[in-house]
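Let me begin by presenting the structure, written as structure tokens, before commenting on it.
The values are calculated or read from the model by the stated rules, or taken from the named source; none is laboratory data. Nothing here was measured: the structure is a model prediction, and the numbers come from that model. Cβ placement follows ideal geometry from the backbone for every residue including glycine, while neighbour counts extend to all protein chains displayed.
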Amino acid sequence: MTTKLGPVKDWENDFDVLDYSYLNNPFEIWDKLRDRCPIAHTDRRGSNWLPTTYDDVTKIAHDFMTFSSTQVLVIPFMETARQDMENINPEVLGYGAPPITADPPLQTWTRRLILPWFSHKKVAEYEPLTQSICDNLIDKIIGRQFVDGAVDYAQQIPVRVISHILGVPEEMTDTFTTWVRDFLEFADNSENRFNSIRDIVIYLMTVIDQRKKLISQGENLDDIISFLIKEQKTNSEINDAIVLGMSILLLIAGIDTTWSAIGSALWHLGSNREDLVMLKNQPEIMDTAIEELLRAYSPVTMARVVTKDTDYNGCPMKQGDKVLMNFPAANRDPLVFENPQVVNLRRKINRHIAFGSGIHRCGGANLARMELKVAIRTFIDRLPDFKVDESKPVMWAGGQVRGPRVLPLAFLD
Amino acid sequence: MKVNVDETKCQGHSRCYIIAPEIFEVDDYGYSHSKFTDDLPKDLEEKAKLACENCPEFAIEISE
Ligand code: HEM
Ligand code: SF4
């Protein structure tokens, strides 16, 4: 079943993050809201608030006692799906997918467990693999006149890198991509959404069981899931449901987020020839360019649930209401960013919060940055100059994660 | 000029380290520390300011 709610006429009191105009161009909507009604409200899919200023988004993100992470989905899970889920694994719902769906203290220690897997040192070890993934994809694209930058390239990269870190076979990548899309992108189709998370849970339960057996037989496994299983021996707090929940998060968190960021970066470079040429000729600006593209096209919006009736900045928030953490809109706030609507690949001062703000700061940020850099560098170095092919439509996904899902590119020579 | 990372505020965004690896070091959890307890060498002062202005958590303190 897909819910149909009709186009939005009043963005201040009846917004909808899945509205067609919001998917295609949310920037103007945020600008208007920021001026007139900086925290918008809607009753579509429950009572939701949408802050649009940097100040509000960062303040709310830091107040995790009032604004809990126990409901982070922008499009809420159906109540019936919740019950069906309990039949498969009654425990998983109690813990969700920590650390992202947890508050302290559970969030604090589960986060600490996985952070070292994404340190600069560790991420450098994944770089040669990422490079070869990108090179293989380019080998298939090179010489073709038309390429879909999203489907043929961006979408293929992060899923392969994370499969390696999780120690699951590359053959699963298409299946993972479908699951993640059904869960986050097509979230309005509650049936498909439930099926996807059910399949993820069943798949990972099997993987965890197999690894447990291998480990008990003395096998030396060095993937992140096996690491969590081994940690259970010395830390009784890590129960099976937590291992499963963390594995679910690690599988989902880095796929469409990073693929969206790579896709948006290619969309920008394919629409702004000066920037493409500049980045190609001046590789030394790559670091500021990546941060700027993350700022301007921040992919991720996360939700929070209000834990007690609160009057926040004149908004009467009720317990159980949700607040959509609009990191992307905060990153276009003119009080914090000079000319925020201008994408300036050399921007020097850029306190963006594309990776969040406060205790839930993206655990995979270093990995995402490395993937972005390698993917963009390889694309512009190995292929001729390109542009977005305007004779064909670009298709944007949004809601929880915004980025192009169809990106027709044409090459210039 | 002295530079210090307020560890109660740092959330490990790593922006300081990317801008100025000469000044900051990050541990396995991503949290940053300044390598200098005393005054910074003069030629690093600009970079310290830039790192401070890019930290999303306002965790970097600079004192003259
Ligand atoms: C450009 C790509 C990415 C973006 C924009 C992004 C963005 C975010 C954001 C905004 C949060 C904070 C969520 C919140 O406040 O509720 C987050 C959390 C998280 N991300 Fe990412 N992410 C990206 C890639 C990745 C990758 C590659 C991984 C690797 C597995 C990853 C793993 C995580 C984890 C584990 C958390 C939870 C941290 C916690 O709750 O303590 N992310 N991400
Ligand atoms: S930029 Fe700020 S939050 Fe990030 S590591 Fe440096 S001091 Fe910490």
Checklist entry - In this structure, is A:Ile88 under 19 Å from the mean Cα position of the chain (by Cα) and more than 16 Å from ligand 2 (Cβ to nearest atom)? => result no
Checklist outcome for this item: A:Asp148 vs (1) surrounded by 19 or more Cβ atoms within 10 Å (Cβ to Cβ); (2) within 16 Å of ligand 1 (Cβ to nearest atom): all pass except (2)
Item to check | Any chance A:Asn339 is away from ligand 1 (no atom under 16 Å from the Cβ) and more than 14 Å from every other protein chain (Cβ to nearest Cβ) | outcome: yes
Checklist entry - Applying the selection to segment A:158-196, what residues are among the small types (Gly, Ala, Ser) and under 19 Å from the mean Cα position of the chain (by Cα)? => result A:Ser163, A:Ala187, A:Ser196
Next on the checklist: So, in segment A:114-127, exactly how many residues are touching a Pro at 6+ places or on another chain (Cβ under 9 Å) and near ligand 1 (Cβ under 10 Å from one of its atoms)?
Outcome noted: 1
Checklist entry - Can you spot a residue in segment A:343-354 that is more than 8 Å from chain B (Cβ to nearest Cβ), within 16 Å of ligand 2 (Cβ to nearest atom) and touching a residue at least 24 places away in the same chain (Cβ under 8 Å)? => result yes
Item to check | Filtered residue count, segment A:34-63, keeping only those that are in contact (Cβ under 8 Å) with a residue 40 or more places away in the chain, touching a strand residue (DSSP E or B) at 6+ places or on another chain (Cβ under 8 Å) and not polar (S, T, N, Q) | outcome: 11
Checklist outcome for this item: Across segment B:22-49, the tally of residues that are away from ligand 2 (no atom under 11 Å from the Cβ), under 19 Å from A:Thr288 (Cα atoms) and within 12 Å of chain A (Cβ to nearest Cβ) stands at 3
Checklist entry - Which ones in segment B:50-64 are within 13 Å of ligand 2 (Cβ to nearest atom) and not β-branched (Val, Ile, Thr)? => result B:Leu50, B:Ala51, B:Cys52, B:Glu53, B:Asn54, B:Cys55, B:Pro56, B:Glu57, B:Phe58, B:Ala59, B:Glu61
Next on the checklist: Quick check on segment B:2-11. Is at least one of its residues within 11 Å of another protein chain (Cβ to nearest Cβ) and either without any contact (Cβ under 8 Å) to a residue 24 or more places away in the chain or touching a Ser or Thr at 6+ places or on another chain (Cβ under 6 Å) (or both)?
Outcome noted: yes
Checklist outcome for this item: Expected single match for within 21 Å of A:Phe118 (Cα to Cα) and either away from ligand 1 (no atom under 16 Å from the Cβ) or at pLDDT 95 or above (or both) among A:Ala265, A:Ala289, A:Ala261, A:Ala241 is A:Ala261
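Does segment A:23-37 contain at least one residue that is within 14 Å of ligand 1 (Cβ to nearest atom), within 21 Å of the chain's Cα centre (by Cα), buried (at least 17 other Cβ atoms within 10 Å of the Cβ) and within 21 Å of A:Pro299 (Cβ to Cβ)?
No; the residues of segment A:23-37 include none that is within 14 Å of ligand 1 (Cβ to nearest atom), within 21 Å of the chain's Cα centre (by Cα), buried (at least 17 other Cβ atoms within 10 Å of the Cβ) and within 21 Å of A:Pro299 (Cβ to Cβ).
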Checklist entry - Does segment A:103-120 contain at least one residue that is within 14 Å of another protein chain (Cβ to nearest Cβ), within 21 Å of the chain's Cα centre (by Cα), free of Cβ contacts under 8 Å to residues at least 40 places away in the same chain and under 20 Å from A:Ile255 (Cα atoms)? => result yes
Checklist entry - So which residues in segment A:295-320 are of a type in the set (A, V, I, L, M) and within 11 Å of ligand 1 (Cβ to nearest atom)? => result A:Val300, A:Met302, A:Ala303
Checklist entry - Mind checking whether some residue in segment A:389-402 is among the acidic types (Asp, Glu), away from ligand 1 (no atom under 11 Å from the Cβ) and at pLDDT below 95? => result yes
Checklist outcome for this item: Checked A:Val207, A:Val123 against criteria (among the β-branched types (Val, Ile, Thr) and within 14 Å of chain B (Cβ to nearest Cβ)); the one match is A:Val123
Checklist entry - Hey, among A:Leu335, A:Leu324, A:Leu367, A:Leu383, which residue is more than 16 Å from ligand 2 (Cβ to nearest atom) and within 29 Å of A:Leu129 (Cα to Cα)? => result A:Leu383
Checklist entry - Mind checking whether some residue in segment A:365-378 is more than 8 Å from every other protein chain (Cβ to nearest Cβ), in a loop (DSSP other than H, G, I, E, B) and of a type outside the set (Asp, Glu)? => result no
